[in-house]
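Student: Please read through the structure below; I'll follow up with questions.
The values are calculated or read from the model by the stated rules, or taken from the named source; none is laboratory data. It should be emphasised that the depicted structure is a prediction, and the values quoted were computed from it without experimental measurement. No Cβ is skipped: glycine too gets one built from the backbone with ideal geometry, and neighbour counts run over all protein chains shown. Ligands, DNA and RNA are stripped out before the accessible areas are found, and what is left, the full protein with its side chains, is counted by its heavy atoms. Shrake-Rupley method; radii C 1.70, N 1.55, O 1.52, S 1.80 Å.
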Amino acid sequence: MRWIIESVTPARRRARHWIRRGNAARDRRDWPAAREAYGHALEEHPPLPPIWVQYGHAAKESGDLPGAEAAYRRALELRPGFADGHLHLGHALKQRGRPAEALEAYARAAALAPADPECQLQLGHALNGLGRRVAAVEAFRRASALAPGRAEAALELGHALLALGEPVGALEAFRQAFRVQPEQPVAAWVQHGHAARGAGAPAAAEAAYRRALELDPEAADTHLHLGHVLRQQDRREAALAAFRRAAELAPADGAAQAHRAAVFEVLPPLEQANGVSLDAVRWAMRFFLGREPAGIEELERHMGHGNLESLRRAFAEMPDFAAFYRDLVPRRYAVPLFLLAPPASPQVPWRFEPPRLDRPVSQLCTAGQLAEPAYAAWCGRFALQPTQHRKPWEFCYIGAALEAAGLLREGSLGLGFGCGQEPLPSYFAARGVAVTATDAPAEVVADQGWQSTNDHAAGLDAVHRPELVSAVEFRRLVRFGAVDMNRIPDGLAGFDFCWSACALEHLGSLRAGLDFIVASLGTLRPGGVAVHTTDFNLSSDDATMETPGLSVFRRQDIEALIAGLTTAGHEVAPFNTHPGDRELDARIDLPPYALPHLKLQREGLVTTSLGLIIRRAAG
């Protein structure tokens, strides 16, 4: 460095040594060491303005802003025309919350180094921060002209022009910034969109807002801006969707709700003076036929209907829709003959009468059981609402069956399969039962879809219901393990009872589910009781659903299972095939499912829940 040594003296030689040490510490970002080394250099030879600046940097990075300011001022005392010193003094003053003084420093730096884009850029920031936007624009414009390959300068120019109400110039500045550096943060894309929208370029604005949403899909304001530009293009349905999303993300934001309502009010009417509208025909075809129009001729033909009622009737009577509706919506559930006939095998105990929850056998979920006092009582024990839903019935059925068997008592040993987040382990522990709760390993669950429905538990804490049993008692009596129900470990044995609630239909096939029921008896002591619930086919004893994720058992599957179990010496509670005789028993729930949810339709089949009670052979 030529400014260090004009005539080498011992002091200057020592100063040069400390400067090298300071530079090395600075390069490795050891700011206290750099400050110390630069300080020693200045003690040896004080009149070194650039080293005072370096000392100021080290002080600033060490958190000593007053020390940094003093160092920069000392550099400027030694060399008043030192532009870099004024620039860094401006930084220190800005950080110390003295914007007016920072502006003076930046202005001096820019005057001393008019060709330095950094000085112009920082001057622009300072002017903008003090509300002097016109002057800020000129500074940013100079910075951008001096450094056309620097995206920051063009971006700041765009922001400043947009704030001044000059969207055309702002748009050009943003385009320059994006040409230099296409990858920009979300805020830059949003501002680009604002400029394009203000400049009368809605397509460019839409593209910018959509890019911003790719980077941050949850930004309610950006959805709102997108809605505005879509509405500007008269794309009202798309605008409505954007406003709806903004309202979902920010429900307390009245602006999103108001714009959504405004768009809804100007949606085109479905009826016109000379018939129905183009939109009415398009939506009718989508709804009734599940397809878009084949061409303009088909649209025009249906626009000839005089009103909406005529259009609805015409589409409702089309063969395509009639077939769709017939498959989708059974009129009402009627008991098929196969449920009425007695079993072909004498090994299957059977009855056909309205089932009761307070006297459980192997039976179907019905409305009559949900009307019993026993259902409300069991729901209360599990801290559940007694809703008209088959899932709470399954828990109540399992509890009632084990209570009737006298197994919910202090000292009993219970084993649960596929427990998920059900209340049974916690309730059984509250009754003094020592429970082993299990669920499928994570790699098995991933293939069966339980996690998406909150039917899977990842550990002991996920199984605990604190409203049913204290944490201390729960941890004393309950243990948790991962068990693949298709491969029950040999070590699980000697239990008084075991259970599963609508888990075995997820094991991959009908055969796998039936094999699990048989294998579960191996976990019991002689005379122990197994209680399982699963999905039952109420429509057919032939056609059914069998997929890797879900299988629906037919009467023939269950009777073959029962015959095999009784032949092996096990005792199965009578199989009651009565599907219920109340008004609610004729109701069939359709997707998206809601209450009441006792019988539901899946893949054209009506199904419900079935409970089975099996006592292991005594010998």
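Student: Report those strands (runs of 3 or more DSSP E) wholly inside the range 506-619 carrying at least 3 residues which are β-branched (Val, Ile, Thr) and over 30 Å from the mean Cα position of the chain (by Cα).
Tutor: Values: elements: 524-537, 600-602, 605-615.
Once the strands (runs of 3 or more DSSP E) in the range 506-619 are filtered for at least 3 residues that are β-branched (Val, Ile, Thr) and over 30 Å from the mean Cα position of the chain (by Cα), what remains is 524-537, 605-615.
Student: Among the residues of the range 352-380, write down those that are within 39 Å of the chain's Cα centre (by Cα), crowded, with 17+ Cβ neighbours inside 10 Å and either among the β-branched types (Val, Ile, Thr) or assigned to a helix (DSSP H, G or I) (or both).
Tutor: Once the filter is applied, which keeps residues that are within 39 Å of the chain's Cα centre (by Cα), crowded, with 17+ Cβ neighbours inside 10 Å and either among the β-branched types (Val, Ile, Thr) or assigned to a helix (DSSP H, G or I) (or both), the range 352-380 yields 366, 367, 368, 369, 370, 374, 375, 378, 379.
Student: Right, another one. Kindly list the number of the only condition in (1) buried (at least 20 other Cβ atoms within 10 Å of the Cβ); (2) modelled with pLDDT of 70 or more; (3) not in a strand (DSSP E or B) that fails for residue 414.
Tutor: Answer for residue 414: the failing condition is (3).
Student: Let me ask you something else. Taking residue 392, is it open to solvent by 10 Å² or more (accessible area, probe 1.4 Å), in contact with a helix residue (DSSP H, G or I) (Cβ under 8 Å, 6 or more places away or on another chain) and not small (Gly, Ala, Ser)?
Tutor: Values: open to solvent by 10 Å² or more (accessible area, probe 1.4 Å): yes; in contact with a helix residue (DSSP H, G or I) (Cβ under 8 Å, 6 or more places away or on another chain): yes; not small (Gly, Ala, Ser): yes.
Here the answer is yes, as residue 392 does meet what is asked.
Student: Okay, moving on. Out of (1) at pLDDT 95 or above; (2) open to solvent by 10 Å² or more (accessible area, probe 1.4 Å); (3) under 20 Å from residue 533 (Cα atoms); (4) not acidic (Asp, Glu), what's the single condition that is false for residue 426?
Tutor: Failed condition: (2).
Student: Say whether the condition of being open to solvent by less than 10 Å² (accessible area, probe 1.4 Å), under 23 Å from residue 345 (Cα atoms) and out of contact with any helix residue (DSSP H, G or I) (no Cβ under 9 Å at 6 or more places or on another chain) is met by at least one residue in the range 608-619.
Tutor: no
Student: Among what's in the range 333-351 and is open to solvent by less than 70 Å² (accessible area, probe 1.4 Å) and not hydrophobic (A, V, I, L, M, F, W, C), pick the residue that is farthest from residue 465 (Cα to Cα).
Tutor: Within the range 333-351, the match that is farthest from residue 465 (Cα to Cα) is 345.
Student: Restricted to the range 571-581, and to residues that are surrounded by fewer than 18 Cβ atoms within 10 Å (Cβ to Cβ) and in contact with a strand residue (DSSP E or B) (Cβ under 6 Å, 6 or more places away or on another chain), which residue is farthest from residue 608 (Cα to Cα)? I'd like the intermediate steps shown before the answer.
Tutor: Our first condition is that a residue be surrounded by fewer than 18 Cβ atoms within 10 Å (Cβ to Cβ); within the range 571-581, this holds for 571, 574, 581.
Keeping just the survivors that are in contact with a strand residue (DSSP E or B) (Cβ under 6 Å, 6 or more places away or on another chain) gives 571, 574.
On the way: 571: 24, 574: 18 Å.
Only one residue tops the list, namely 571.
Student: With respect to residue 291, determine if the residue is exposed (fewer than 12 other Cβ atoms within 10 Å of the Cβ), modelled with pLDDT of 75 or more and over 20 Å from residue 590 (Cβ atoms).
Tutor: Details: exposed (fewer than 12 other Cβ atoms within 10 Å of the Cβ): yes; modelled with pLDDT of 75 or more: yes; over 20 Å from residue 590 (Cβ atoms): yes.
Spelling it out, residue 291 is indeed exposed (fewer than 12 other Cβ atoms within 10 Å of the Cβ), modelled with pLDDT of 75 or more and over 20 Å from residue 590 (Cβ atoms).
Student: Additional query: In the range 194-209, which residue that is part of a helix (DSSP H, G or I) and open to solvent by 40 Å² or more (accessible area, probe 1.4 Å) is nearest to residue 233 (Cα to Cα)?
Tutor: So in the range 194-209, the residues part of a helix (DSSP H, G or I) come out as 194-198, 202-209.
Now restrict to residues that are open to solvent by 40 Å² or more (accessible area, probe 1.4 Å): 194, 197-198, 203, 207.
Values: 194: 15, 197: 11, 198: 13, 203: 8, 207: 13 Å.
So, considering only residues that are part of a helix (DSSP H, G or I) and open to solvent by 40 Å² or more (accessible area, probe 1.4 Å), the one nearest to residue 233 (Cα to Cα) is 203.
Student: Going through 541, 557, 585, 589 one at a time, which residue ends up being within 18 Å of residue 343 (Cα to Cα) and in contact with a Lys or Arg (Cβ under 8 Å, 6 or more places away or on another chain)?
Tutor: Step by step, each of 541, 557, 585, 589 is checked, and only 541 is within 18 Å of residue 343 (Cα to Cα) and in contact with a Lys or Arg (Cβ under 8 Å, 6 or more places away or on another chain).
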